[in-house]
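Engineer: Have a look at the structure that comes next, please.
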Number of protein chains: 2
Amino acid sequence: MSAATPAPRMTRQRREILEALDTRDFRSAQAWHERLRSEGSTIGLATVYRGLQSLADQGEVDAVVAESGETLYRRCEAGEEHHHHLRCRGCGKAVEIDVPEFEAFAHRIAEQHSYGDIQHTIELTGICPECAAAGKD
Amino acid sequence: MSAATPAPRMTRQRREILEALDTRDFRSAQAWHERLRSEGSTIGLATVYRGLQSLADQGEVDAVVAESGETLYRRCEAGEEHHHHLRCRGCGKAVEIDVPEFEAFAHRIAEQHSYGDIQHTIELTGICPECAAAGKD
DNA sequence: GGCACAGATGAGAATGATTGTCGAAATCAG
DNA sequence: CTGATTTCGACAATCATTCTCATCTGTGCC
């Protein structure tokens, strides 16, 4: 019974959002909205929010919640490898890291506790060589 | 030359917050406030927010941002073995998990990049059996 | 192509969490 | 105890996000 997802209409606005999502950055809905506006679109903020959410539901974009509480969106490269960052607490510089073992580990733990729909976040921070040299600790 | 952190005063309110934080649950500032009020305290909401934040800064409590954007707090057991949680996105129930391999992994990565004073956070979330049964997904 | 209608849009109001303000009350040093 | 500061509590303000509602527009149908 019941339709899975009513498939949203392809409107001008929805197309614009998809086009704007070409950079690989995580940005807030407001930031994407600003970008669209600065490129001449007349799209409304609420529409950007609605669009990003429905795209996230469809798995077209990834959404993460920042520490500030804002939700950041980024186009989801299908088949892209999941990775994390090692960020410097002094200067903010981030290095990408892979944690391949962890992906499997997360699912194993989840199964042990019968939890479903697992998601994980790994935050690795430290002091980079430059900041350490500058005494920033 | 300047004190590092002005060490907050131990007021009745601050003590009440610490006392309320006896359960190991992750709860929102508002939820802790409600609990304090229901136990007879006259503490204000802003005070609870300020108290929890300063406790988080001191490392006395852990703070995580839920998907809704709310910040959840839980007392951090001092001297407790470092561990992480598998938290339910439906009801907030958390299960402690060990990720022994990860501790070593974090240090290995840090060394590769010459980063020092490493800290890490692992957030594992899913839907617990009860919530899954209740259709909360 | 033209028509009807459900779904989408945009402007602005509403919501909800969190933070700022400020006079009053409480803490800590002396 | 007394005074200098910090913290409190009530409430206003802020910020991201969601809702409302009148209007517009894909889409299926003729």
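Bear in mind these aren't lab numbers, they're just calculated from the coordinates by the rules spelled out. Please read all numbers here as calculations on a predicted model, not as lab measurements. Ideal geometry is used to build each Cβ from the backbone, glycine not excepted, and the neighbour counts take in all protein chains shown.
Engineer: What does the structure give for B:125-132 when I average, per residue, the other chain Cβ atoms found within 10 Å of the residue Cβ?
Structural biologist: Per residue, the number of nearby Cβ atoms from other chains is 5 on average.
Engineer: Next question, about the same structure. Shortest first and in nm to one decimal, what separations exist between residue A:30 and its copies in the other chains, measuring from label points 7 Å along the Cα-to-beta-carbon line?
Structural biologist: Here residue A:30 shows inter-copy label distances of 1.9 nm.
Engineer: Once the label point is placed 7 Å from Cα along Cβ, list for residue B:133 the distances to the corresponding points in the other copies, in nm, shortest first.
Structural biologist: 6.0
Engineer: In whole Hz and in residue order, list the ³J(HN,Hα) couplings for the range A:57-69 that follow from phi through the Karplus curve 6.51 cos²θ - 1.76 cosθ + 1.60, θ = phi - 60°; x for Gly and Pro.
Structural biologist: After applying 6.51 cos²θ - 1.76 cosθ + 1.60, I find 5, 6, x, 7, 10, 9, 10, 10, 9, 6, 4, 5, x Hz.
Engineer: So how many Å³ per residue does the convex hull of the Cα atoms of the range B:15-67 work out to?
Structural biologist: 80
Engineer: Run the label-point distances for residue B:119 please: 7 Å along Cα to Cβ, every other copy, nanometres, shortest first.
Structural biologist: Here residue B:119 shows inter-copy label distances of 2.4 nm.
Engineer: Rounded to the nearest 0.05, what FRET efficiency is calculated for residue B:42 and residue A:18 with R0 set to 51 Å and r the Cβ-Cβ distance?
Structural biologist: The formula returns an efficiency of 0.45 here.
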